[in-house]
Structures are given as structure tokens and as C-alpha cells.
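A.B. asks: Have a look at this one.
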Amino acid sequence: YLTQTGLPFAVIATKADKLNKTERAKAINALQSHPAIPTDTVILPFSAQNGEGKDELWQLLYRYAFQ
């Protein structure tokens, strides 16, 4: 739906703290190569547990809200 409407979006990959470095790379690769996700889509690893990606997510929200 978002791709068809042209709305900007990002993929927020939650639970990033649960994966080791190898698993994380594999998961991000899978998202980047998924046919439903455009190649220029931001994929942001995020963890509420340790705060990873929090600042980047706020920046994305601000950018998308005021485009």
C-alpha cells in the first residue's frame, strides 16, 4: 500500500538486541532484498531495551512529518 501510494516509509527492525552480529546482518539482508520493499527504503535496527536506533527513529519521524 505505501509503495503504491508513494508515501515515504521506513522499516523499523525491532528486537535488534536479540540478534548477534551475523544474525543481524542476515536479517537486514533479507529485508533489503525483499521484493515488497523498495531498494532505497531506510531499514533501521531498533531496540527499546538498549536504546539503539532511538535517535535515528526520531530523526526519520521528524523528516517524514515535515516533508
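The values are calculated or read from the model by the stated rules, or taken from the named source; none is laboratory data. Worth saying up front: this structure is predicted, and the values here are computed from it rather than measured. Counting neighbours? That spans all protein chains shown, and the Cβs are built from the backbone with ideal geometry, glycine included. We work out accessible area using only protein heavy atoms, side chains counted, and drop any ligands, DNA or RNA first. Shrake-Rupley method; radii C 1.70, N 1.55, O 1.52, S 1.80 Å.
A.B. asks: With n ≥ 4 as the cut-off for DSSP H runs, can you work out [θ] at 222 nm for the chain, using -39500 (n - 2.57) per run divided by the number of residues, rounded to the nearest 500? Please report the intermediate quantities before stating the final value.
C.D. replies: On the way: 3 runs with 28 residues, N = 67.
Counting only the DSSP helices, I get -12000 deg cm²/dmol.
A.B. asks: Same structure, new question: Considering only protein heavy atoms, what per residue accessible area in square angstrom results for the chain with a 1.4 angstrom probe?
C.D. replies: On the way: 5310 Å² over 67 residues.
Result: 79 Å² of accessible area for each residue.
A.B. asks: Would you mind counting up the charge near GLU23? Only other residues with Cβ under 14 Å from its Cβ, with Lys and Arg at +1 and Asp and Glu at -1.
C.D. replies: Surrounding charge for GLU23 is +4.
A.B. asks: Turning to a different aspect of this structure: For VAL42, enumerate residues with amide H under 5 Å from its amide H, sequence gap 5+ or separate chain, H modeled in the peptide plane.
C.D. replies: VAL11
A.B. asks: Which of rounded, prolate, oblate describes the chain, given a ≥ b ≥ c as roots of the alpha-carbon gyration tensor eigenvalues and a/c under 1.5 marking rounded, otherwise prolate only if a/b is larger than b/c?
C.D. replies: In terms of gyration-tensor shape, oblate.
A.B. asks: Explain nothing, just the number: dipole magnitude of the chain about its Cα centre with +1 on each Lys and Arg Cβ and -1 on each Asp and Glu Cβ, in debye rounded to the nearest 20.
C.D. replies: It comes to approximately 160 debye.
A.B. asks: Report the gain in length on full extension from LEU2 to ILE37: 0.36 nm times residue separation, minus Cα-Cα distance, nm rounded to one decimal. Don't skip to the end; give the middle numbers.
C.D. replies: Working: separation 35, 0.36 × 35 = 12.60 nm, distance 0.98 nm.
The LEU2-ILE37 span can extend by a further 11.6 nm.
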